[in-house]
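So the structure is just underneath, and the comments pick up after that.
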Amino acid sequence: MVQTLGCQMNVHDSRRIREVLRDEGYESTDEAELADLIVVNTCSVREKAEHKLMSLLGRLRPLKEARRDVVLAVAGCVAQQEGARLLKKVPYLDLVLGPDNIPDLPALLADVDAGRRRSLTVFDLDSPRFLSAAPDPERPEVACFVTVMKGCDERCTYCIVPTTRGAERYRPADEIVAEVSSLARGGVREVTLLGQTVNSWYEPGVARPGLRAPSESAFADLLRRIAREVPELSRLRYTSPHPRHITPALVAAHAELELLPAHVHLPSQSGSDAVLKRMSRRYTQAEYLERAESLKSARPGFTLSTDLIVGFPGETEEDFLHTLDLVRNAGFVAAFCFKYSPRPGTPALSLGDDVPEGVKQERLARLFEVVAEQQRAHLRSLVDTEVEVLVTARGDDGRWQGRSQRHEKVHLELAPDVTPMGELLRARVAEAFDHSLLAVGRGGRLEPKRRRLPLAQEPST
Ligand code: SAH
Ligand code: SF4
Ligand code: F3S
């Protein structure tokens with residue numbers, strides 16, 4: 001059993017852990033009581049995420065004590081941050097495994113068995129390994145993640161990720177394209193390229209122009225190459241881009257490539273220039289907005305969502321009002337909003353944590369309110385328009401679900417005999433909810449010129 005507590009990168013790692021174990025003859029189970037091995041894949045981006053781990057381990061303790069042969073492992077970012085210390089803190093833990101050590105898992109399990117070694121948290125800096133997905137034919141997927149870079153050199157002052165994921169390492173384009181291509185041939189229709197600053201990607205070994213300046217076109221070239229070489233794909237997304245690396249070439253790619261959605265999630269963190277400076281984000285609100293506007297002008301109806309932090313050290317009411325201004329000025333249609341959480345070893349620790357919890361809470365609520373209103377207004381504005389929905393799931397209510405070209409969540413009302421999994425459908429929006437849309441199928445399946453091979457796993461109805 002593999003339990004995931006973190007971000008998309010964590011989700012991606014959990015899949016790779018399952019695949020490594022599958023190759024070792026393990027079968028997957030969702031029930032802790034039946035498992036011989038329990039891997040908890042952790043996150044440490046905020047204190048709350050670490051608490052989740054501790055309470056989960058507490059719940060697993062009686063099971064471990066009742067069945068000593070069960071192997072209990074902690075993987076992911078807390079594992080990397082704490083290393084062998086975690087074994088002391090949690091005496092009933094068997095194994096601690098860093099995010100770069102997933103391929104070493106079988107050897108480590110043998111070591112645990114033999115009582116030789118119980119932790120490995122070493123970054124693969126010299127020869128980075130990027131694990132490709134080995135999809136399970138029993139459980140075909142429509143949407144998949146593909147890693148293009150690991151680690152982060154940005155060092156935003158609040159963030160623990162550079163510690164838990166290490167220095168930046170880039171994956172060669174040939175490897176990326178080969179993985180996307182093999183996934184698409186296996187039936188995957190949407191690929192999300194993953195990296196902490198995904199749009200800073202460049203071909204490893206090829207010098208970037210300027211010391212830390214991004215290549216003008218490397219990431220955009222990668223997107224173009226995937227679009228050209230993987231005709232079976234219906235959608236190509238990426239997360240998370242850094243505003244510093246939104247180049248004119250990337251904007252041009254959005255205008256040009258039908259494959260890219262008309263939406264980008266572009267973390268902003270704050271609207272106050274003073275706070276952005278203390279966060280070391282290396283842009284002002286005006287510069288962020290300039291990049292945001294250039295993206296929005298790439299295609300009609302282009303939308304943006306973002307990540308925001310409230311209560312960063314020294315954040316005044318005036319700073320916070322600048323954040324509300326940014327939300328309005330950028331017209332975000334969604335946002336993940338967080339209260340600042342001091343993290344061990346980060347530079348922001350020296351600034352203290354001087355915004356009282358009550359004030360953080362109150363700012364978070366006000367921020368939610370503004371974002372929620374913008375989201376509702378945006379979704380309402382789509383009623384009676386046409387959306388292109390990539391169908392990715394079927395809900396418990398029997399309704400098909402998917403995402404529009406702008407990544408809005410869409411519930412679909414279709415004729416009962418239609419089985420559209422993995423299809424790109426045209427539908428009319430009939431109703432807007434707080435966070436999603438209801439659309440009615442017109443039977444108009446989208447058949448753009450560059451698409452598509454029939455889905456291997458699709459029933460022949
Ligand atoms: N690499 C991505 C985000 C990684 S972490 C990027 O830069 O966009 C995801 C989000 O968690 C961040 O965007 C930020 O909003 C939030 N976050 C990171 N550290 C935090 C902290 N110490 N306290 C509160 N939120 C934090
Ligand atoms: Fe953290 Fe900043 Fe890197 Fe994102 S860009 S992972 S917020 S240090
Ligand atoms: Fe992701 Fe959390 Fe690690 S956000 S990179 S799992 S610290």
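Could you tell me which residue of region 169-192 is farthest from ligand 1 (Cβ to nearest atom), considering only residues that are surrounded by fewer than 20 Cβ atoms within 10 Å (Cβ to Cβ) and assigned to a loop (DSSP other than H, G, I, E, B)? Within region 169-192, the match that is farthest from ligand 1 (Cβ to nearest atom) is GLY186.
Across region 348-369, not a single residue is classified as at pLDDT 95 or above, within 29 Å of LEU259 (Cβ to Cβ) and not in a helix (DSSP H, G or I). Condition check for ARG129 on (1) part of a helix (DSSP H, G or I); (2) under 18 Å from ALA167 (Cβ atoms): one failure, at (1). Please verify whether region 79-95 includes one or more residues that are within 16 Å of ligand 2 (Cβ to nearest atom) and either without any contact (Cβ under 8 Å) to a residue 24 or more places away in the chain or outside any loop (DSSP other than H, G, I, E, B) (or both). Scanning region 79-95 turns up at least one residue that is within 16 Å of ligand 2 (Cβ to nearest atom) and either without any contact (Cβ under 8 Å) to a residue 24 or more places away in the chain or outside any loop (DSSP other than H, G, I, E, B) (or both). The set of residues in region 116-157 that are hydroxyl-bearing (Ser, Thr, Tyr), within 16 Å of ligand 3 (Cβ to nearest atom) and out of contact with any Phe, Trp or Tyr (no Cβ under 6 Å at 6 or more places or on another chain) comprises THR121, THR157. A count restricted to region 1-46 and to residues that are in contact with a Leu (Cβ under 9 Å, 6 or more places away or on another chain), part of a strand (DSSP E or B) and closer than 19 Å to ASP100 by Cα stands at 7.
For region 380-407, the set of residues classified as touching a His at 6+ places or on another chain (Cβ under 8 Å) and not in a loop (DSSP other than H, G, I, E, B) consists of TRP400, GLN401, listed by residue number.
So that you can scan it fast, the table gives a plain yes or no per residue for (1) away from ligand 2 (no atom under 16 Å from the Cβ); (2) farther than 18 Å from PRO103 by Cβ; (3) modelled with pLDDT of 95 or more:
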| residue | (1), (2), (3) |
| --- | --- |
| ARG139 | yes, yes, no |
| THR147 | no, no, yes |
| CYS152 | no, yes, yes |
| CYS156 | no, yes, yes |
| VAL161 | no, yes, yes |
| ARG169 | no, no, yes |
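Cβ-Cβ contacts under 6 Å between residues 6 or more apart (or on different chains), taken from a first residue in region 268-282 that is without any contact (Cβ under 8 Å) to a residue 24 or more places away in the chain to a second residue that is open to solvent by less than 40 Å² (accessible area, probe 1.4 Å) and within 11 Å of ligand 1 (Cβ to nearest atom), are listed as LEU276/SER270. Taking VAL383 as meeting all but one of (1) modelled with pLDDT of 90 or more; (2) of a type in the set (A, V, I, L, M, F, W, C); (3) within 26 Å of the chain's Cα centre (by Cα), write down the number of the exception. Of the numbered conditions (1) modelled with pLDDT of 90 or more; (2) of a type in the set (A, V, I, L, M, F, W, C); (3) within 26 Å of the chain's Cα centre (by Cα), the odd one out for VAL383 is (3).
One line per residue, one yes/no per condition, for (1) outside the structural domain of ARG343 (by TED's automatic domain parsing); (2) exposed (fewer than 12 other Cβ atoms within 10 Å of the Cβ); (3) of a type in the set (Val, Ile, Thr); (4) more than 16 Å from ligand 1 (Cβ to nearest atom):
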position	(1), (2), (3), (4)
GLU31	yes, yes, no, yes
ARG46	yes, no, no, no
HIS51	yes, yes, no, no
LEU56	yes, no, no, yes
PRO62	yes, yes, no, yes
ASP69	yes, yes, no, yes
ASP100	yes, no, no, yes
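Between PHE145, PHE123, PHE130, the distinction of being under 30 Å from ARG394 (Cβ atoms), in contact with a helix residue (DSSP H, G or I) (Cβ under 8 Å, 6 or more places away or on another chain) and touching a residue at least 24 places away in the same chain (Cβ under 8 Å) belongs to PHE145 only.
Quick check: anything in region 207-218 part of a loop (DSSP other than H, G, I, E, B) and at pLDDT 95 or above? No, that holds for no residue.
Okay, residues lined up against (1) under 23 Å from the mean Cα position of the chain (by Cα); (2) hydroxyl-bearing (Ser, Thr, Tyr):
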site: ILE226; (1), (2): yes, no
site: TYR238; (1), (2): yes, yes
site: HIS242; (1), (2): yes, no
site: GLU256; (1), (2): no, no
site: LEU266; (1), (2): yes, no
site: LEU276; (1), (2): yes, no
site: LYS296; (1), (2): yes, no
site: ASP307; (1), (2): yes, no
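The values are calculated or read from the model by the stated rules, or taken from the named source; none is laboratory data. What you see is a predicted model; the values in this text were computed from it and never measured. Backbone-built Cβ (ideal geometry, glycine too); neighbour counts: all protein chains shown. Ligands, DNA and RNA are stripped out before the accessible areas are found, and what is left, the full protein with its side chains, is counted by its heavy atoms. Shrake-Rupley method; radii C 1.70, N 1.55, O 1.52, S 1.80 Å.
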